[in-house]
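Read the structure below first, then the notes.
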Amino acid sequence: MILMNDFKAEPPELHQAMLGAASRVLESGWYVLGREVEVFERQWAAECGVAYGVGVGNGMDAIEIALRSLGIGPGDEVITTPMTAFATVLAIVRAGATPVLADIDRQTALMSIDSARRCITLRTKAIVLVHLYGQIRAMDAWTELCAARGILLVEDCAQAHLASLNGNMAGSFGAAGAFSFYPTKNLGAVGDAGMLVSDDEALARKAAKLRNYGQSVRYYHPEMGLNSRLDEMQAAILGERLKWLPEFTTRRREIADAYLSGIDNPLVKCMAVPESPQAHVYHLFVVNCAQRDKLQAHLRTHQVQTHIHYPIPIHQQESCLNIARDPLGLANSEHHAATCLSIPCHPQMADAEVDVVIAALNSFSGE
Ligand SMILES: Cc1ncc(COP(=O)(O)O)c(C=O)c1O
């Protein structure tokens, strides 16, 4: 089977380095929020081109803590899209704010700026812009809209490690960027992990308090925080995996290029190419097909694993049926959810496997 991810096929040198990092932490006798976390926070903030990184427990908490650190809470509206991980919306709800869903653009599956404009009210405090599948696009338009309307921009970068536009990194455009290091992400830990990045010192300080019960110094709690601390083991392992991230990202782009030039079947549509090669890190390579379920079954018979990101848009989730949304509806998100299919695109794929996937896609007849 050609898998969506294949960690066991990673280079033995990386495996060795991770073992070394793990034993360093075990021998240190210090396991949560320590030197390894501080080093990795500095490294990742530098990669993102910003001054501060605050390591947290996961990507969802990174969004919640970013919003809360910006003073967003009850009574405030936050715009995002229904074509995202449930965590994006759950983080807004957990911050106490009200999510409002804007539709996506069909060609990219990213939030439509026209739809977002229709969602703005006097209560809109922030937009959580999801760099879905690893692509960042049209950032000037988003930063201009937010500046003009006095709205804070928070980037959900869970899928966009190292994506950049005109030299500016994902996570550096808004007030804060939120990263997930869930194992399957482009930079993944061996458990849950996340980080909030920002150029704003006050925000970073507040976030560092919130992640640790709202504690300023030990046993003093000026804020009601949460427990979302990054542990030393994950930070040490992430530091090793970071060394491989540029090479792994290049390989993802090579595979995507092979797909873009090799997929030649009118029934299978690739999504729009990025504004520049650096603007997409292909966390996922997604195609659209009107007979998506048949295509998925066809690929399975050719030993190709696939996933669907995402099969149910947020507003059709049982817990979100009454969620606020664009008054014109969310038709593009619904269409995308019914037709999208993610095909394998991970750094350990061999050229021969890429060829198998292309041949399997091109042999789909819809029958
Ligand atoms: C777009 C997006 N946002 C947020 C998250 C949440 O990250 P985590 O699973 O680390 O909480 C994810 C990961 O699933 C994601 O893909």
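Quick notes on this structure:
- Amide hydrogen neighbours beyond the local backbone of Leu70, cut-off 5 Å, H modeled: none
- Couplings for segment 98-107, taken from phi via the Karplus curve 6.51 cos²θ - 1.76 cosθ + 1.60 with θ = phi - 60°, read 10, x, 10, 9, 9, 6, 9, 7, 5, 6 Hz in order; Gly and Pro are left as x.
- Charge tally around Val25: other residues with Cβ under 14 Å, Lys/Arg +1 each, Asp/Glu -1 each, net -4.
- Radius 13 Å from Cβ of Leu210, net charge of other residues (Lys, Arg +1; Asp, Glu -1): +4
- Tensor-based shape of the chain (alpha-carbon gyration tensor, a/c under 1.5 rounded, otherwise prolate or oblate): oblate
- Residue of Gly167, Gly194, Gly262 that the Gaussian network model of the chain assigns the largest fluctuation, springs spanning Cα pairs under 10 Å: Gly167
- For q = 0.22, 0.28, 0.29, 0.30 Å⁻¹, Debye-computed log10 I/I(0) when each Cα of segment 216-271 counts as one equal scatterer: -0.91, -1.07, -1.10, -1.12
- Residue-normalised convex hull volume from the C-alpha trace of segment 5-109: 165 Å³ per residue.
- Relative contact order for the chain: 23 percent, from Cα pairs under 8 Å spaced at least 6 residues apart, divided by residue count.
- Separation of segment 1-49 and segment 156-224, taken as the distance between their Cα centroids, equals 17 angstrom.
- Share, in percent, of DSSP beta bridges within the chain that are antiparallel, nearest 5: 55
- Across the cross-link table entries Lys8/Lys243; Lys185/Lys243; Lys125/Lys206; Lys8/Lys294; Lys125/Lys209, which are compared at the Cα atoms, the separations over 25 Å belong to Lys8/Lys294.
- Solvent exposure of the chain as accessible area per residue, Å², 1.4 Å probe: 43
- Relative pair counts by distance (%), Cα atoms of segment 167-220, 5 Å bins: 4, 17, 20, 18, 20, 14, 5, 1, 0
- For the chain, modelled as a GNM whose springs connect Cα atoms under 10 angstrom apart, the maximal fluctuation among Val37, Val56, Val93 occurs at Val93.
- Remark: the Ala147-His302 segment gains 50.8 nm on full extension, using 0.36 nm per residue and subtracting the alpha carbon distance.
- Environment charge at Pro311 (Cβ cut-off 13 Å; Lys +1, Arg +1, Asp -1, Glu -1): -1
- Hydrophobic long helices, here whole DSSP H runs in the chain with Kyte-Doolittle means of at least -0.5 and Cα atoms spread over 27 Å or more along the helix axis, are found at 232-262.
- Per-pair calculated FRET efficiency, R0 = 35 Å: Gln317 and Leu14 via Cβ, rounded to 0.05: 0.45
- Additional length obtainable on full extension of the chain from Leu122 to Asn166, 0.36 nm per residue less Cα span: 12.6 nm
- Of the solvent-accessible surface of the chain, computed with a 1.4 Å probe and all protein chains present, 52% belongs to carbon and sulfur.
- The chain - mean residue ellipticity at 222 nm from DSSP helices (-39,500 (n - 2.57) per run, n ≥ 4, rounded to 500): -12000 deg cm²/dmol
- As an equivalent ellipsoid, segment 245-366 spans semi-axes of 27, 19, 13 angstrom, where each value is the square root of five times an eigenvalue of the C-alpha gyration tensor, largest first.
- Using 0.36 nm per residue and subtracting the Cα-Cα separation, the extra length available between Lys294 and Leu260 on full extension is 10.1 nm.
- Projected label distance in nm at Cys270 and Gln215, using a 7 Å step from Cα toward the beta-carbon: 5.1
- For Phe285, the accessible surface of its heavy atoms amounts to roughly 10 Å² (probe 1.4 Å, protein chains only, rounded to the nearest 10).
- Computed accessible area, Asp200, all protein chains, 1.4 angstrom probe, square angstrom: 70
- Only protein heavy atoms count here; under a 1.4 Å probe, Trp30 has an accessible surface of about 140 Å².
The values are calculated or read from the model by the stated rules, or taken from the named source; none is laboratory data. Worth saying up front: this structure is predicted, and the values here are computed from it rather than measured. Cβ coordinates were reconstructed from backbone atoms using ideal geometry, including for glycine residues, and neighbour counts include every protein chain displayed. We work out accessible area using only protein heavy atoms, side chains counted, and drop any ligands, DNA or RNA first. Shrake-Rupley method; radii C 1.70, N 1.55, O 1.52, S 1.80 Å.
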